[in-house]
Amino acid sequence: MYLFKNKPSIRRVFIIVKRTSDASYLLLIANKKHVPFGLSGGRFDQEDKDPKYTAHRELFEETSLDIDSTRFNYLGLLDNKLFYFLEITDTEANSIKLSHEHIDFIFYKNKENIPKLIKYHSSGTCSNAFNKFMDVI
């Protein structure tokens, strides 16, 4: 198992969320003007037992989606950040309730443009990851 204790340099986990019905991707709109769009994710807590747990917790905290972590597919590591991929249903997408960290969200279809939209999130790492994993998501 890929534990944080064995990888102390890993600080953040992100989830690329795709709504399967129309092949669109969840972009969160933050309260920060310099980061208009971003992916769900965040820092691990010391209590988190593994990266999937962190991914599950962050997604739940930010969107209220309580998705079984077995559905999270590992994509890879980039710049000391882990990336997961998750497909959700329309019912799940319609149940999103945002935390105070975000003011809104969109599902965006044109995945070739998403790296441009999220280029300021996490110093560009999320944009680079989206480009890197585009063929498998």
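Tally up the residues in segment 62-108 that are closer than 21 Å to A30 by Cα and surrounded by fewer than 13 Cβ atoms within 10 Å (Cβ to Cβ), please.
8
Could you identify the single residue in E58, E62, E112, E92 that is over 15 Å from the mean Cα position of the chain (by Cα) and either aliphatic (A, V, I, L, M) or part of a helix (DSSP H, G or I) (or both)?
Working: E58 fails: over 15 Å from the mean Cα position of the chain (by Cα); E62 fails: over 15 Å from the mean Cα position of the chain (by Cα); E112 fails: either aliphatic (A, V, I, L, M) or part of a helix (DSSP H, G or I) (or both).
The match here is E92.
So is D45 modelled with pLDDT of 95 or more and either surrounded by fewer than 17 Cβ atoms within 10 Å (Cβ to Cβ) or assigned to a helix (DSSP H, G or I) (or both) or not?
no
The values are calculated or read from the model by the stated rules, or taken from the named source; none is laboratory data. Remember, predicted model here, so these are calculated numbers, not experimental data. Neighbour counts run over all protein chains shown; Cβ positions are idealised from the backbone, glycine included.
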